[in-house]
2 protein chains.
Amino acid sequence: MENEFVTEERLQLILELLEGKKYSRARDEILKANTVDIAEILEEVIEDIGIEKAIILFRTLPKDVSAEVFAYLPIDDQVAIINGITDREIQHIIDEMDFDDMIDVLEELPANVVDKILEKSTKEERRLINTFLNYPETSAGSLMTPDYISLRKNMTVAEALAHIKSEGMDRETVYTCYIKDEGRKLLGIVSLRTLVVSDDDVVVESLMHEDIIYVNVLDDQEDVSDTFKKYGFLAIPVVDNEKRLVGIITVDDILDVIDEETTEDFQKMAGVAVSTEEYLDMSVWKHVKNRLPWLFVLMCSYIITGSIITSFEAVLSQVIVLVAYLPMLMGTGGNSGSQSATLVIRGMAVGDVDLRDVGKVLWKELRVSFMIGLVLSLLNFIRICWVEGHGPWIALTVCGSMLVIVIAAKTIGSMLPMGAKKVGIDPALMASPMIASLTDMVSVVTYFALATFILGI
Amino acid sequence: MENEFVTEERLQLILELLEGKKYSRARDEILKANTVDIAEILEEVIEDIGIEKAIILFRTLPKDVSAEVFAYLPIDDQVAIINGITDREIQHIIDEMDFDDMIDVLEELPANVVDKILEKSTKEERRLINTFLNYPETSAGSLMTPDYISLRKNMTVAEALAHIKSEGMDRETVYTCYIKDEGRKLLGIVSLRTLVVSDDDVVVESLMHEDIIYVNVLDDQEDVSDTFKKYGFLAIPVVDNEKRLVGIITVDDILDVIDEETTEDFQKMAGVAVSTEEYLDMSVWKHVKNRLPWLFVLMCSYIITGSIITSFEAVLSQVIVLVAYLPMLMGTGGNSGSQSATLVIRGMAVGDVDLRDVGKVLWKELRVSFMIGLVLSLLNFIRICWVEGHGPWIALTVCGSMLVIVIAAKTIGSMLPMGAKKVGIDPALMASPMIASLTDMVSVVTYFALATFILGI
């Protein structure tokens, strides 16, 4: 991207103009930008010279711009601005906002502020807002907007275009239009492209698609984003359990969902509780609360590893040099397992691997791990025998263990996520930390058992 | 998603129809589906009853459908089909395909097939295709299409709509239209929505946006997808170094890019070489080649850990029980570090954390790790003293080490990815395996040094 608007210089200029109370010049400067960038600048203004100046600047923006900018601000800044402007200004912003953005804002605002806003809405609006506020946070319902274009099947193209012309600016999108029957059931969809390239007197019914891909209002947002990825649509209709059209979801909102879902997977795979809060915004206490439980659970698993070691104390005390190779064996086991786990988890997430493939995956991992284990074992054999001079029996113990451990780790690493999915647990929870703990146990048992056997202790 | 078309029953029905050579009934059944689903069915047909029947079925599809279906097939199946149909049929498919899909196909096909196709193109087409084939694989250039709608600034809305009507069906999108000057420099963009809601005699110039967000043809696809995420556009113009418009990228192609980039991050974070090949399609040998190097590098780091242990052999041989706590200390260190690394890497990827925040991140991690370290240490103190009865000095050694190790691990885990970004290395490479190896060294040194000091050995 070459035309980054929010440069250090421009930011400095705007801050200086505000410090010097040159508000209208600051406004003119800021209005050259896209609304997304204006929001970014406003965030910086709040952080650098405080909310008061930011509110003065915000108030100088044209009404339609300020509503859009407001929608892009983080929730803390939204609340700060709401607290600094008049009720009438709040009302203006809410009226100008897209319905789905408004719902997002209302979901985050304190209850007393929401009440203040709802007071001024009509009864019908209040009912609709309350319905939307009640959908589960990660459902299709919480992503959708009721602001779509409805056409009747017996309209002509000319009538449809006239209808779009009159309503187009208030709708989330005009590029996909929806045709319903009297019972609000979805009959078909027609794209604006089709309407624009068709002749004026053609009837909408003859143009509409009837094999419609839709989602249910209670479907999880991950399923919704998978549907978008699969079909590449710009918008998808959302229906209730009676198949009545209740809203639409547009692709721009899905980009955020995809980021959210990816972050969730990363968090799960690192053994951190899932959270949508930003890293820096989260309190120390919350960070501790999100990280401690898994660390504790995994730590307990090491009590088992520790007691296995204790039971082999006799071996250890005789051949103390064995301890020096323990970190390598455990570490390589953990890394091997985590490679396989990550590849399988990601493969399942994007649909390359599914549960039917369990045999193929196992067979592949067995061959891959055998080859990798063999190479690493041979390298170690050379090192231990010739470089470190510990003799072939120690080398054989370490290398035999290495081979077994790599094979075991890759088998566990690939099968555990698939097993988790089979029983309905998120495979992402079976990633590195979990696999490493398990392979550590396997490593210790294998190593000391082999030592007892080979070294005859 | 409730209306999954590709059910086990429907698939079975189609396979039976094909086995029974009832091709036209199979075609009628398959044509009820979306083209994406038709491609999915065709894949299954190829896998289950072979390419011959699949080709017969493919040939019965209407020309425009077959081109779209072809674009959605995996490359192996595309090559198989190309080899089974006539040159004229190949030409038909290529002609019907969207330009960017065609480039994707040509990029993957064997050179002799590409030559056969290019032979039949006009000179101008060949030049354009060759230009597109030469853009780096992950650049904006390789994602874009030259099939956009161009308008002139002095056109009226009526003229613009008439132009869109005549060209609309051959263009990648009609929803964003582009206005260029005589030198092909981009002057402005106008959305179809704006055109449709405006009056017929308004001039395009008065409607167009001039503050255009664009990308350079050589920008990396990750920057392109970040731009889409930031602004929520349906299409973004691509310009060359002289700011001339050379193509556009549409949002549906970005969804695939986002998936690809995420997979890359996962691969890097697991210490696997980056590859876009599907898990099951990749040969055992390629899997080994992608995984062995990092395992080898990390294994070498354990040689250092091992020699640290060897240098403390005197301590170990006297208090052999210390070995039992080593896996717990190393494991918890690795897990703590990997939590911090993952949070910081992801935070930087989505833009929540940037390099300026290094002080804030460090201060946060220090406090979080101190609290977590303290809790885990106390729990271990109780266990070692009262449950296992090893006495306070062993307990103090283990718990003191635990506190130091957790703090060190979280500091390394958070700082290393930021340092990597600072010097231009992908932070994702500094994830769990790397962090675990480093914290293992720290763990071993801390533990044995503390043991020497506290136990007075």
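Does the range B:206-259 come out rounded, prolate or oblate, given a ≥ b ≥ c as the square roots of the eigenvalues of its C-alpha gyration tensor, rounded meaning a/c under 1.5 and, failing that, prolate meaning a/b above b/c? List each step's numbers first, then the result.
Values: a/c = 2.12, a/b = 1.31, b/c = 1.61.
Oblate, because a/c is 1.5 or more while a/b does not exceed b/c.
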**Fill in**
Any aspartates and glutamates whose Cα falls less than 14 Å from that of A:Lys286, other than same-chain ones fewer than 8 residues away, would be A:Glu277, A:Glu278, B:Glu365
**Top positive-direction residue, dipole computed over the range B:8-134 with Cβ charges, set B:Val105, B:Ile90, B:Ala71** = B:Ile90
**Item:** Nearest-ten-degree value, helix B:157-167 long axis tilted from longest Cα axis of chain B
**Value:** 90
**Asked** Which distance in Å, rounded to a whole number, links the C-alpha centroids of the range A:426-457 and the range B:188-251?
**Response** 55
**Nm distances between copies for B:Met169, ranked from closest, using label points 7 Å along Cα→Cβ** = 3.3
**Request:** Could you tell me whether the range A:259-403 comes out rounded, prolate or oblate from its Cα gyration tensor? Rule is a ≥ b ≥ c as square roots of the eigenvalues, rounded for a/c under 1.5, then prolate if a/b exceeds b/c, otherwise oblate.
**Result:** oblate
**Prompt:** Among B:Lys243, A:Lys230, which comes first, then next, by fewest other beta-carbon atoms within 10 Å?
**Reply:** B:Lys243, A:Lys230
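Mind checking the dipole of chain A: about its Cα centre, +1 per Lys or Arg Cβ, -1 per Asp or Glu Cβ, Debye to the nearest 20? Intermediate results must be reported in sequence, preceding the final value.
Working: 40 positive and 73 negative charges, 483 e Å.
So the dipole magnitude of chain A works out to roughly 2320 debye.
Is there a quick way to get the dipole size of the protein assembly as shown? I mean about its Cα centre, with the Cβ of Lys and Arg at +1 and of Asp and Glu at -1; what is the value in debye to the nearest 20? Let's see the in-between values first.
Values: 80 positive and 146 negative charges, 773 e Å.
Taking the Cα centre of the protein assembly as shown as origin, the dipole is about 3720 debye.
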**Item:** Sequence-distant aspartates and glutamates (8 or more away, or on other chains) whose Cα lies within less than 12 Å of B:Lys153
**Value:** B:Asp181, B:Glu182, B:Glu205, B:Glu210
**Message:** Give me the base-10 log of I(q)/I(0) for the range B:322-457 at each q in 0.12, 0.16, 0.21 Å⁻¹, Debye formula, one uniform scatterer per Cα, rounded to two decimals.
**Reply:** -0.48, -0.76, -1.11
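Give, rounded to the nearest 20 debye, the magnitude of the charge dipole that the range A:8-134 has about its Cα centre when Lys and Arg contribute +1 at Cβ and Asp and Glu contribute -1 at Cβ.
Details: 15 positive and 31 negative charges, 141 e Å.
With only Lys, Arg, Asp and Glu charged at Cβ, the dipole is about 680 debye.
How long are the three semi-axes of the equivalent ellipsoid for chain A, computed from the Cα gyration tensor as the root of 5 times each eigenvalue, in whole Å, largest first? Can you show the working numbers first?
On the way: eigenvalues 655, 189, 77 Å².
Its equivalent ellipsoid spans semi-axes of 57, 31, 20 Å.
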**Fill in**
Inter-copy distances for B:Glu8, label 7 Å out on the Cα-Cβ vector, sorted ascending, nm, one decimal, are 6.2
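By count of other Cβ within 10 Å, fewest leading, how are B:His287, B:His209 ordered?
Values: B:His287 26, B:His209 14.
The order, fewest Cβ neighbours first, is B:His209, B:His287.
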**Message:** Could you work out the pair-distance distribution P(r) of the range B:8-134 from its alpha-carbon pairs, with 10 angstrom bin width and percents rounded to whole numbers?
**Reply:** 12, 45, 28, 12, 2
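Which shape class applies to the range A:142-270: rounded if a/c is under 1.5, otherwise prolate when a/b exceeds b/c and oblate if not, where a ≥ b ≥ c are the square roots of the Cα gyration tensor eigenvalues? List each step's numbers first, then the result.
Numbers: a/c = 2.52, a/b = 2.05, b/c = 1.23.
Taking the square roots of the gyration eigenvalues as a ≥ b ≥ c, the range A:142-270 is prolate.
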**Request:** Determine, at each q value in 0.05 (inverse angstroms), the log₁₀ of I(q)/I(0) that the Debye formula gives when each Cα of the protein assembly as shown is one equal point scatterer.
**Result:** -0.35
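Counting other beta carbons within 10 Å of each residue's own, what order do A:Ile303, A:Ile345 fall into, fewest first? Working shown, then result.
Numbers: A:Ile303 17, A:Ile345 28.
In increasing order of surrounding Cβ atoms, one gets A:Ile303, A:Ile345.
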**Prompt:** Taking the label point as lying 7 angstrom from Cα along the Cα-to-Cβ axis, what are the distances from B:Thr86 to the corresponding position in the remaining copies, in ascending order and in nanometres?
**Reply:** 7.8
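Values in this text are rule-based calculations from the coordinates and carry no lab data. Computed from a prediction, not measured in an experiment: that's the story for all the values here. Reconstructed Cβ throughout: ideal geometry from the backbone, glycine too, with neighbour counts over all protein chains shown.
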